[in-house]
Amino acid sequence: MRSKNTICLWYDGAALDAATFYAQTFPHSSVGTVLRAPGDFPSGKQGDVLTVEFTVMGIPCLGLNGGPAFKHNEAFSFQVATDDQAETDRLWNAIVENGGQESACGWCKDKWGLSWQITPRVLMEAINDPDPAAAKRAFEAMMDMRKIDIATIEAARRG
């Protein structure tokens, strides 16, 4: 049964490729129903992949091959809470090394332009530290990073 609320992500012909990559990269992710167009449409022909139902870490999504009219931007991102540096590195590297690009403060984009925040739980704990000085040190350390380095965050938090 399809979810009552589904995130629809617009792609330029690559919805199935993106869904497959997400399913192979992230836990609790899978590719579901692939709908092929029953007729020609503005960005494709009859028989082309029109939509792909997929799940990313338990979140239901629909990839729509809508054509080149709209591009992903940072106004939407998936924030992935990681448990350790190994998980942070694995997910970050999978995205960036598969044609993606690094950004600042734990953000990166996949090769389809979708933004991801690879965010260690330690970082969120550090910038929410009840000691404002510790939180500020951790926050300032994060501001200089691309991929988050947990050891550096922890050291900054301790002072």
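Select from segment 20-45 the residues that are in contact with a strand residue (DSSP E or B) (Cβ under 8 Å, 6 or more places away or on another chain) and in a loop (DSSP other than H, G, I, E, B) and write down the one among them that is modelled with the lowest pLDDT. Steps first, answer last, please.
Applying the first criterion (in contact with a strand residue (DSSP E or B) (Cβ under 8 Å, 6 or more places away or on another chain)) to segment 20-45 yields 20, 22-23, 26, 28-37, 41, 43-44.
Narrowing further to those that are in a loop (DSSP other than H, G, I, E, B): 26, 28-29, 37, 43.
On the way: Phe26: 97, His28: 97, Ser29: 98, Ala37: 96, Ser43: 88.
Among those that are in contact with a strand residue (DSSP E or B) (Cβ under 8 Å, 6 or more places away or on another chain) and in a loop (DSSP other than H, G, I, E, B), it is Ser43.
Name the helices (runs of 4 or more DSSP H) wholly within segment 105-159 that hold at least 2 residues that are out of contact with any Gly (no Cβ under 6 Å at 6 or more places or on another chain) and within 29 Å of Cys8 (Cβ to Cβ)?
Details: elements: 121-127, 132-143, 150-158.
Of the helices (runs of 4 or more DSSP H) lying wholly inside segment 105-159, those with at least 2 residues that are out of contact with any Gly (no Cβ under 6 Å at 6 or more places or on another chain) and within 29 Å of Cys8 (Cβ to Cβ) span 121-127.
Only residues that are within 12 Å of the chain's Cα centre (by Cα) and of a type in the set (Val, Ile, Thr): list them for segment 90-126, please.
Once the filter is applied, which keeps residues that are within 12 Å of the chain's Cα centre (by Cα) and of a type in the set (Val, Ile, Thr), segment 90-126 yields Ile95, Val96, Ile118, Thr119.
Hey, among the residues in segment 128-159 that are acidic (Asp, Glu) and buried (at least 16 other Cβ atoms within 10 Å of the Cβ), which one's farthest from Thr88 (Cα to Cα)?
Glu154
Being β-branched (Val, Ile, Thr) and farther than 18 Å from Pro27 by Cα narrows it down to one of Thr82, Thr51, so name that one.
Working: Thr82 fails: farther than 18 Å from Pro27 by Cα.
After applying the criteria, what remains is Thr51.
Looking at (1) under 21 Å from Met142 (Cα atoms); (2) not assigned by TED's automatic domain parsing to the domain that holds Ala151, which is the one condition that is false for Gly47?
Only one criterion in (1) under 21 Å from Met142 (Cα atoms); (2) not assigned by TED's automatic domain parsing to the domain that holds Ala151 is unmet by Gly47, namely (1).
Using beta carbons and a limit of 8 Å, which pairs, at least six apart or on different chains, have the first residue in segment 117-138 and of a type in the set (Asp, Glu) and the second one surrounded by 20 or more Cβ atoms within 10 Å (Cβ to Cβ)?
Note: pairs meeting the criteria are Asp129/Ala138; Asp129/Arg157.
Just wondering, is there one or more residues in segment 53-66 that are assigned to a loop (DSSP other than H, G, I, E, B), more than 22 Å from Trp107 (Cβ to Cβ) and not assigned by TED's automatic domain parsing to the domain that holds Ala94? Talk me through it step by step, then tell me what you get.
Within segment 53-66, the first condition is being assigned to a loop (DSSP other than H, G, I, E, B), and the residues that meet it are 57-58, 66.
Subsequent filtering for residues that are more than 22 Å from Trp107 (Cβ to Cβ) retains 66.
Pick out the ones that are also not assigned by TED's automatic domain parsing to the domain that holds Ala94 and you get 66.
Yes, segment 53-66 has at least one match.
Have a look at Gly66, Gly58 and point out the one that is among the small types (Gly, Ala, Ser) and surrounded by 14 or more Cβ atoms within 10 Å (Cβ to Cβ).
On the way: Gly58 fails: surrounded by 14 or more Cβ atoms within 10 Å (Cβ to Cβ).
Of the residues listed, the single one that is among the small types (Gly, Ala, Ser) and surrounded by 14 or more Cβ atoms within 10 Å (Cβ to Cβ) is Gly66.
Step by step: first the residues of segment 113-127, then only those that are in contact with a helix residue (DSSP H, G or I) (Cβ under 6 Å, 6 or more places away or on another chain) and over 15 Å from Phe78 (Cα atoms), then the one that is surrounded by the fewest Cβ atoms within 10 Å (Cβ to Cβ). Which residue is that?
Step one: filter segment 113-127 for residues in contact with a helix residue (DSSP H, G or I) (Cβ under 6 Å, 6 or more places away or on another chain), giving 116, 118, 120, 122-123, 126-127.
So of that shortlist, the ones also over 15 Å from Phe78 (Cα atoms) come out as 122-123, 126-127.
On the way: Val122: 20, Leu123: 26, Ala126: 22, Ile127: 18.
Ranking the candidates gives Ile127 first.
Being surrounded by fewer than 15 Cβ atoms within 10 Å (Cβ to Cβ), more than 30 Å from Asp149 (Cα to Cα), of a type in the set (D, E, K, R) and touching a residue at least 12 places away in the same chain (Cβ under 8 Å) narrows it down to one of Asp48, Asp12, Asp40, Asp84, so name that one. Break it down into steps so the answer makes sense when it comes.
Details: Asp12 fails: surrounded by fewer than 15 Cβ atoms within 10 Å (Cβ to Cβ); Asp40 fails: touching a residue at least 12 places away in the same chain (Cβ under 8 Å); Asp84 fails: more than 30 Å from Asp149 (Cα to Cα).
Within the list Asp48, Asp12, Asp40, Asp84, the selection yields Asp48.
The values are calculated or read from the model by the stated rules, or taken from the named source; none is laboratory data. Remember, it's a predicted structure, so these values are computed and weren't measured experimentally. All Cβ positions, glycine included, derive from the backbone under ideal geometry; neighbour counts span all protein chains shown.
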